[in-house]
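First the structure, then my questions, so here it is.
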Amino acid sequence: MKKLNLLALAAMALAVMTISACSKNAKTGDETSQAQTELAAAEKDAATEVEDADLDDEDEYEADVRDTASFAPESRLQAVPFSYDKYDLSEEARNIMKNNAGVLNTNKNWTIVVEGYCDNRGTTEYNLSLGQKRAKSVRDYYVRLGVPADKIGTISYGVENPICTEDTEECWKQNRRAETKVK
């Protein structure tokens, strides 16, 4: 937080110095335009530094889950179900996640990946986005239940890896899920 305050203070000081320097000298149109461009660039750089400083919060980091092949299902962790075209957590989903969080919290050395899945309706892009939102909803609720945020990563598979391949409501329902895997 101190880093954020210092960066914001430095950005304001830079802006005040630039503006006051511009007002002391009579400038031509080209010089004024250049000064405005430099001021805008300085403000953009300061804003970027402030945004980067915000990432220092531990809750913003996810676990590194690029090697998803090394994660495995854990028999005590149940899949979290979702309704059609939804990523909000139902009461049933929250109850499942409370049980899952109990297992995860007793195994603090695990790294966790939450995989979001969809049924085969919709475009590839839409389903990948929806799967990611589902995975993030599960991750966020796990964090609220005490699972360390930096131990959980997310990934979306969209319609890949279906449990069931029939075009029926019962089958689609099985595919709308988030799975929690560990290593």
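Please give the contour-minus-distance gain from N105 to D64: 0.36 nm per residue of separation, less the Cα-Cα distance, rounded to one decimal in nm. Before the final figure, lay out the partial values.
On the way: separation 41, 0.36 × 41 = 14.76 nm, distance 1.86 nm.
So the chain would gain 12.9 nm between N105 and D64.
By per-residue mean of other Cβ atoms within 10 Å, what is the highest-first order of 166-174, 124-132? Write down the numbers at each step before the final one.
Working: 166-174: 12.2, 124-132: 17.6.
The most tightly packed comes first, giving 124-132, 166-174.
Same structure again: How would you classify the stretch 103-183 from its alpha-carbon gyration tensor, with a ≥ b ≥ c the square roots of the eigenvalues: rounded for a/c under 1.5, else prolate if a/b is greater than b/c, otherwise oblate?
Numbers: a/c = 2.69, a/b = 2.09, b/c = 1.29.
Prolate, because a/c is 1.5 or more and a/b exceeds b/c.
Of all DSSP beta bridges located in the stretch 68-182, what percent are antiparallel, nearest 5?
Working: 9 of 15 bridges.
Around 60 percent antiparallel, to the nearest 5.
Quick check on packing: order 91-97, 70-76 by the mean number of other C-beta atoms within 10 Å, highest mean leading.
Numbers: 91-97: 15.6, 70-76: 12.4.
Ranking the peptides 91-97, 70-76 by packing returns 91-97, 70-76.
So if each residue of separation counts as 0.36 nm, and I subtract the Cα-Cα distance between S83 and K173, what length gain in nm does that give? Can you show the working numbers first?
On the way: separation 90, 0.36 × 90 = 32.40 nm, distance 0.74 nm.
Length difference between fully extended and current span is 31.7 nm.
Oh, and also: Quick one: which of 99-106, 115-122 comes out on top by average Cβ neighbours within 10 Å, and what's the full order, highest first?
Values: 99-106: 16.5, 115-122: 21.6.
Order by mean packing, descending: 115-122, 99-106.
Values quoted throughout were computed directly from the atomic coordinates according to the rules given, and no laboratory measurement underlies them. Predicted model only: the values in this text are computed from it and were never measured. With ideal geometry, Cβ positions are generated from the backbone for all residues, glycine too; neighbour counts draw on all protein chains shown.
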